[in-house]
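The values are calculated or read from the model by the stated rules, or taken from the named source; none is laboratory data. What you see is a predicted model, and the numbers here were worked out from it, not measured in a lab. Because the Cβ atoms are built from the backbone with ideal geometry, glycine has one as well, and the counts that use them run over all protein chains shown.
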């Protein structure tokens, strides 16, 4: 080695032994640990429950890339606040997470910042933001891992685990398919419970409310249970009587069944016999209640009370006098009535002679001049299939143009509407003939007024007993 080389080596050694105050750079002028970029950045504060042995100037990493440094560590209450300076070019979400990690088994601590592991990222982390405790964690220390391992190895039950493993292997040997099916069914069952979690919670809440109400009414429930005791005692004492009553009731049911079976025909016959009466009552309609109303004021009509003033009765008569009709009635006056031998006061209604000397039979239409001896059914339409317009046969001898119109037809001029289907007196048909309700008779079916009077002759009892009825 030459002398020049020795002098250079001595200079280097001397420079290495100089004190720090002789122009060496300060710590602040040294580059950041881990190669953190020096430059403009933004500050973020992260709160940790435990920062372990993290120190200032530690690195801040994102995806294992150093992007900043730890500026300050302070204590706030029972947790630590770590101020981080991150490079301005690094963009992180507002809901980012922070954790204290270790570079190796015995390496240094650093802070890693990352996007949230669950859920979408939102917003942007800005200068002055705080990462709360809920989004910060720390890694396990080597000492903690070794302590847990020592606890497991020192009396942790490894021998028992070996025995359990061996016995479990013997129990499952040859039953793998059954165990697999059991696990599959258990998974289905747990899945069903999970889908019905809301209903289960609601049922538990309802049960909680019920039990709370029962707890508040404990005294009432206790009194009710105490009151049931005497009743149950009486029922126990009368058990034999109750059994006998139920047995007798069974026998009564058998007797009732036998009676109903034997009287079945008679009951049906009675119901069939009652049917015509019910039909007539239904056909009577409003006449029955009106007749009951008349019975309360018999022998006067119900509206006569408005005409009675003191001991007088006010009556009014409206007469429609037509000279032509009066003269016609006088000319066509009916013969004097003939009294019958059986009833002195009963008039004998004159019967006009039949055409061609034919005599009407009881089955024909009495009172119609020139009516041949025909059954009544042939001179009436089919009541079950009533036509829209029915003209009687010529053999019935009814006036020409006398036609029956279907219920609901327009009433012609001078015609007659049968609201209840009962033919009144003064028509070409016998009074009381039954037709469908609403049948319309043309004007030719209505007989003209001849002045003939057919009534009851006699005193007041005869008149009240049925007189003045055509």
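Is it fair to say residue 212 is free of Cβ contacts under 8 Å to residues at least 12 places away in the same chain and out of contact with any strand residue (DSSP E or B) (no Cβ under 6 Å at 6 or more places or on another chain)? Full working, then the answer.
Numbers: free of Cβ contacts under 8 Å to residues at least 12 places away in the same chain: yes; out of contact with any strand residue (DSSP E or B) (no Cβ under 6 Å at 6 or more places or on another chain): yes.
Yes: the conditions hold for residue 212.
Tally time: how many residues in region 67-87 are surrounded by 18 or more Cβ atoms within 10 Å (Cβ to Cβ) and over 12 Å from residue 49 (Cβ atoms)? Before the answer, list the steps.
Residues of region 67-87 that are surrounded by 18 or more Cβ atoms within 10 Å (Cβ to Cβ), as a first pass: 67-70, 80, 82, 84-87.
Okay, now just the ones that are also over 12 Å from residue 49 (Cβ atoms), so 67-70, 84-87.
The qualifying residues number 8.
Is it the case that region 122-139 has a residue that's farther than 30 Å from residue 43 by Cβ and more than 57 Å from the chain's Cα centre (by Cα)? Walk me through it before giving the result.
Initially, region 122-139 is screened for residues farther than 30 Å from residue 43 by Cβ, giving none.
No, that holds for no residue.
May I ask you to say which residue of 126, 166, 98, 148 is exposed (fewer than 11 other Cβ atoms within 10 Å of the Cβ) and either assigned to a helix (DSSP H, G or I) or modelled with pLDDT of 90 or more (or both)?
Details: 126 fails: exposed (fewer than 11 other Cβ atoms within 10 Å of the Cβ); 98 fails: exposed (fewer than 11 other Cβ atoms within 10 Å of the Cβ); 148 fails: exposed (fewer than 11 other Cβ atoms within 10 Å of the Cβ).
None of the other options fit; the residue is 166.
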